[in-house]
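Single-structure report; data block below.
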Amino acid sequence: MPHSKPALRRQMRAQLRAELPHRDTRSAALCEQIRRLPAWAGARTVGLFAPLPEEPDLLALLEHHDKRFVFPSIQGTTLHWRVATHAEQLLPVEAMGSRVLREPTAGEPVDLGAIELLLVPGLAFTTEGVRLGRGGGYYDRVLASLPRHTLSVGICHAFQVLGSLPTEAHDLPVACVLYA
């Protein structure tokens, strides 16, 4: 395993591309795991993410109309949260250099403190919740600001769970990790 974050990010991106044929099956299994979480049952507001092509796709959760779903929108160096009820409301936006992300651009803004269950993407995790992100620190800033009542859950494919990850002082863990 590479010891530097940039080398590990390159390795994980290559592995994600190689595993694309299994994405849909793993995504469905992850949605089932999320639905079984006690925090899911009690959450009224759930923070999701619009997946990049190689990330787990949790958009099937939008069928649960008893929940309010919010998605991140990048504004400067901060993630802001907006309501989206359908995948079609997540529009392509150029962010992080040349990377195109899908974000809600018209949904109602929601304060981070209203989110009760936050599903967090990453390139790699440990079972203890240590997370390797894409390098912008966006989710680290979110995790630093989460209220105590919010459960943060890392979401990934099983091969993204590693025994250890390089960390720095600003790297914050998630409360738990789900993988398939």
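The values are calculated or read from the model by the stated rules, or taken from the named source; none is laboratory data. These numbers were taken from a predicted model, which means no experiment stands behind them. Positions of Cβ are backbone-derived with ideal geometry, glycine not excepted, and every protein chain shown enters the neighbour counts.
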Exercise. If you check SER145, SER152, which single one turns out to be surrounded by 19 or more Cβ atoms within 10 Å (Cβ to Cβ) and without any contact (Cβ under 8 Å) to a residue 40 or more places away in the chain?
Worked result: SER152
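Can you report the number of residues in segment 15-34 which are of a type outside the set (Asp, Glu), out of contact with any Leu (no Cβ under 8 Å at 6 or more places or on another chain) and surrounded by 11 or more Cβ atoms within 10 Å (Cβ to Cβ)?
Our first condition is that a residue be of a type outside the set (Asp, Glu); within segment 15-34, this holds for 15-18, 20-23, 25-31, 33-34.
Remaining after also requiring out of contact with any Leu (no Cβ under 8 Å at 6 or more places or on another chain): 15, 17-18, 20-23, 25-26, 28-29.
Add one more test, that the residue is surrounded by 11 or more Cβ atoms within 10 Å (Cβ to Cβ), and what stays is 15, 18, 22-23, 26, 28-29.
Total meeting the criteria: 7.
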Exercise. Within the group GLU128, GLU88, GLU94, which residue is within 24 Å of MET12 (Cα to Cα), free of Cβ contacts under 8 Å to residues at least 12 places away in the same chain and over 16 Å from the mean Cα position of the chain (by Cα)?
Worked result: GLU94
Exercise. Take the residues of segment 35-59 that are farther than 21 Å from ALA175 by Cβ, crowded, with 17+ Cβ neighbours inside 10 Å and among the aliphatic types (A, V, I, L, M): which is nearest to the chain's Cα centre (by Cα)?
Worked result: ALA50
Exercise. If only one of LEU91, LEU132 is among the hydrophobic types (A, V, I, L, M, F, W, C), surrounded by 12 or more Cβ atoms within 10 Å (Cβ to Cβ) and in contact with a strand residue (DSSP E or B) (Cβ under 6 Å, 6 or more places away or on another chain), which one is it?
Worked result: LEU132
Problem set entry | Residue check, LEU62 part of a strand (DSSP E or B), closer than 25 Å to GLN33 by Cβ and not acidic (Asp, Glu) | no
Problem set entry | Residue within segment 63-71 that is crowded, with 17+ Cβ neighbours inside 10 Å, farther than 24 Å from SER145 by Cβ and of a type outside the set (A, V, I, L, M) present | no
Seminar exercise, completed: Subset of segment 112-125, residues in contact (Cβ under 8 Å) with a residue 60 or more places away in the chain and either on the phi > 0 side of the Ramachandran plot or touching a helix residue (DSSP H, G or I) at 6+ places or on another chain (Cβ under 8 Å) (or both), comes to GLU116, LEU117, LEU118, LEU119, VAL120, PRO121, LEU123, ALA124
For this session: Could you please find all residues in segment 62-86 being of a type in the set (A, V, I, L, M) and modelled with pLDDT under 95?
Result: ILE74
Exercise. Is it the case that segment 163-171 has a residue that's at pLDDT 95 or above and touching a strand residue (DSSP E or B) at 6+ places or on another chain (Cβ under 7 Å)?
Worked result: yes
Exercise. Do you know which residues across segment 135-180 are closer than 27 Å to ASP24 by Cβ and of a type in the set (Ser, Thr, Tyr)?
Worked result: TYR138, TYR139, SER152, TYR179
